[in-house]
Amino acid sequence: MKRKLSMLAALILSLGVFTACGSNQEADQGADAPSQEVEESQTEGEDKEEVSEEPSEEEDQANEAEAIEVVFWHAMGGGQGEALEKLTQQFEEENPNITINLQNKGGYGDLNQALVASMQSPKDLPIITQAYPDWMLQFDNAGMVADLTDFVKGEDGIEDYEDIFPGIREEIEQDGRIIGIPFNKSTEVFWYNKDLFEELGLEVPTSYEELKEVSQKIYEEKGIPGVGFDSLSNYYVTYLKNKGVEFDGSLDITSPESVEAVNYYNDGVKEGYFRIAGTDQYMSGPFANEQAGAYIGSNAGEVYIKEGVEDKFTYAAAPYPAENAFQQGTNIYMFDKASDEEKAAAFKYLKFLQSKDAQIQFALDTGYMPARKSSVEDEAYQSSDSSIAPILSEASEKLFSRPLVEGSQQAYNDIGSLLESILSNKDADVKAELEAFAPQFESDFAQ
């Protein structure tokens with residue numbers, strides 16, 4: 001903001017000299033302009049003079065250079081978008097020279113398409129973007145993703161970086177580089193009808209074997225499936241992980257572990273004690289309507305459970321019933337095309353979003369989990385009315401990420417479709433179906 005400081009020298013009425021001093025003026029964005037003392041000597045009869053302190057053209061350009069805009073592409077809509085806007089406004093108030101230009105690109109699919117479409121014209125890419133790690137593989141391979149290691153580990157970096165859960169950090173660390181900052185994260189937990197479990201004297205399961213036993217007991221006593229899994233792809237990847245098998249290009253889809261994973265679920269569906277979401281799309285609906293005693297799904301699904309259950313029964317949450325639990329969600333990545341000033345400003349924003357307090361606020365506003373251990377254990381989060389808060393510290397110690405390799409996303413999608421087909425057909429031959437699918441699975445990773 002340009003300001004003008006004018007001083008009028010008085011007429012000399014005698015041989016004495018009149019001295020005037022300028023006063024401090026508040027400059028733009030809260031900075032104080034230096035006071036300036038101007039001393040004028042004028043002889044009797046001289047005209048008044050105006051002394052101007054209007055910034056020169058060079059000073060104007062310098063001030064404009066200090067104002068930095070960071071374009072941020074994202075897919076947060078509704079309440080999630082409002083939560084992001086609230087945090088961004090707080091950041092801008094604390095950093096008035098930085099403007100975060102939030103640009104919602106629609107849903108995740110729309111955002112991914114926008115990124116891919118801009119790959120051939122890097123100048124059209126934003127400074128930072130929300131993205132799933134798989135999306136960024138091609139950008140990283142092309143040298144277009146900024147290495148944030150020096151920012152994170154530098155003097156003004158993230159001092160408590162190790163406070164971010166290991167299972168989340170491993171996803172943003174590639175080849176010794178830190179290439180992203182965690183954003184909206186979730187993991188799978190065990191949602192159950194607490195009243196029903198107490199009535200039947202059931203203990204919360206901690207293994208797949210116990211999960212099967214609990215499901216069978218509910219089916220025998222109540223005639224409804226005991227458990228269902230929200231995501232079939234997540235189920236398959238997590239089951240294999242807990243058998244020591246990674247979901248990557250070296251996986252033999254027809255291996256004994258793979259067959260066992262599918263049969264575990266398929267046997268339960270055939271006998272009635274397991275179910276899939278099917279046309280309900282998500283298990284929160286059947287669970288809330290007492291058509292299933294429990295289910296495994298995202299911790300971020302509580303808002304739908306609470307809305308559906310109302311006062312029909314008391315629900316509760318527990319950690320995933322196995323040693324390892326799948327973590328999902330997006331990270332925020334920076335493009336290397338940004339100038340040094342833009343990178344510095346963007347990282348300052350990313351650092352803010354990853355701060356303990358911001359993580360707590362975003363989690364409470366959206367239902368996503370904080371990425372930080374200190375945030376999860378903080379009283380402000382623990383004392384919330386979320387059923388997730390009391391169990392998330394333990395649940396977060398189980399986190400793992402799917403290996404980040406070319407083709408894994410397509411393979412992940414395809415295995416979900418295959419399981420949907422198998423589990424919907426009680427006459428399906430699991431081993432034969434997996435053998436027929438093997439060429440497609442291999443080609444997914446060969447892309």
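For segment 351-435, build the convex hull from the C-alpha positions and give me its volume per residue in Å³.
So the per-residue Cα hull volume is 161 Å³.
With springs only between Cα atoms under 10 Å, which of ASN184, ASN331, ASN289 fluctuates most in a Gaussian network model of the chain?
Comparing ASN184, ASN331, ASN289 in the GNM, the peak value goes to ASN289.
Only four residue types carry charge here, +1 at the Cβ of Lys and Arg and -1 at the Cβ of Asp and Glu. Report the dipole size of the chain about the Cα centre in Debye, rounded to the nearest 20.
The dipole magnitude comes to about 1840 debye.
Per the Kirkwood definition applied to all pairs of different Cα atoms, how many angstroms is the hydrodynamic radius of segment 194-244?
Numbers: mean 1/r = 0.0831 Å⁻¹.
Final number for the Kirkwood radius of segment 194-244 is 12.0 Å.
Straight-line reach from LYS431: which lysines have a Cα under 23 Å away, not including same-chain ones fewer than 8 places off?
Of all the lysines, those that pass the test against LYS431 - Cα under 23 Å, at least 8 places apart if same chain - are LYS212, LYS241, LYS243, LYS270.
Please compute P(r) over all alpha-carbon pairs of segment 332-398, binned at 10 Å starting from zero, and give each bin as a whole-number percent.
Percent of pairs per bin, in order: 21, 41, 22, 14, 2.
Could you state how much accessible area ASP110 has, in square angstrom rounded to the nearest 10, with a 1.4 Å probe and all protein chains kept in place?
Taking all protein chains as shown, ASP110 has close to 80 Å².
Based on DSSP, what percent of beta bridges with both residues in the chain are antiparallel, to the nearest 5?
Numbers: 28 of 45 bridges.
Antiparallel: roughly 60 percent of the beta bridges in the chain.
Dividing the Cα convex hull volume of segment 297-447 by residue count, how many Å³ per residue is that?
Given the Cα convex hull of segment 297-447, per-residue volume reads 165 Å³.
Which log10 I(q)/I(0) values, to two decimals, does the chain give at q = 0.09, 0.12 Å⁻¹ under the Debye formula with one point per Cα?
-0.67, -1.06
What net charge do the residues around GLY143 carry, taking every other residue with its C-beta under 11 Å from that of GLY143, with Lys and Arg at +1 and Asp and Glu at -1? The partial results should precede the final answer.
Numbers: positive: LYS337; negative: ASP140, ASP147, ASP336.
Computed value for this residue: -2.
Return a whole-number percent for the relative contact order of the chain, with Cα pairs under 8 Å and 6 or more residues apart as the contact set.
20 percent
How much of the accessible area of segment 225-297, in percent, comes from carbon and sulfur atoms when a 1.4 Å probe is used? Can you show the working numbers first?
On the way: 990 of 2450 Å².
Reported share for carbon and sulfur atoms: 40 percent.
Using helices alone, I'd like the mean residue ellipticity at 222 nm for the chain: each DSSP H run of four-plus residues gives -39500 (n - 2.57), total over residue count, nearest 500. The partial results should precede the final answer.
Details: 19 runs with 191 residues, N = 447.
That comes out to -12500 deg cm²/dmol.
Roughly how many Å² is the accessible area per residue of the chain, as a whole number, for a 1.4 Å probe?
48 Å²
Can you spot the lysines whose alpha carbon is less than 23 Å from LYS356's alpha carbon? Ignore those fewer than 8 places along the same chain.
Hits, sequence-local ones excluded: LYS86, LYS153, LYS185, LYS343, LYS348, LYS373, LYS398.
If you find the alpha carbon centre of segment 218-234 and of segment 272-318, how far apart are they in angstrom?
Here the answer is 10 Å between Cα centres.
Can you check what the net charge comes to around ASP230, using other residues whose Cβ is under 14 Å from the Cβ of ASP230 (Lys, Arg +1; Asp, Glu -1)? Before the final figure, lay out the partial values.
Details: positive: ARG275; negative: GLU188, ASP280, GLU302, GLU420.
Result for the neighbourhood of ASP230: -3.
The values are calculated or read from the model by the stated rules, or taken from the named source; none is laboratory data. Note that the structure is a prediction, hence the values are computed from the model and not measured. Neighbour counts run over all protein chains shown; Cβ positions are idealised from the backbone, glycine included. Surface accessibility is based on the protein's heavy atoms, side chains included, excluding ligands, DNA and RNA. Shrake-Rupley method; radii C 1.70, N 1.55, O 1.52, S 1.80 Å.
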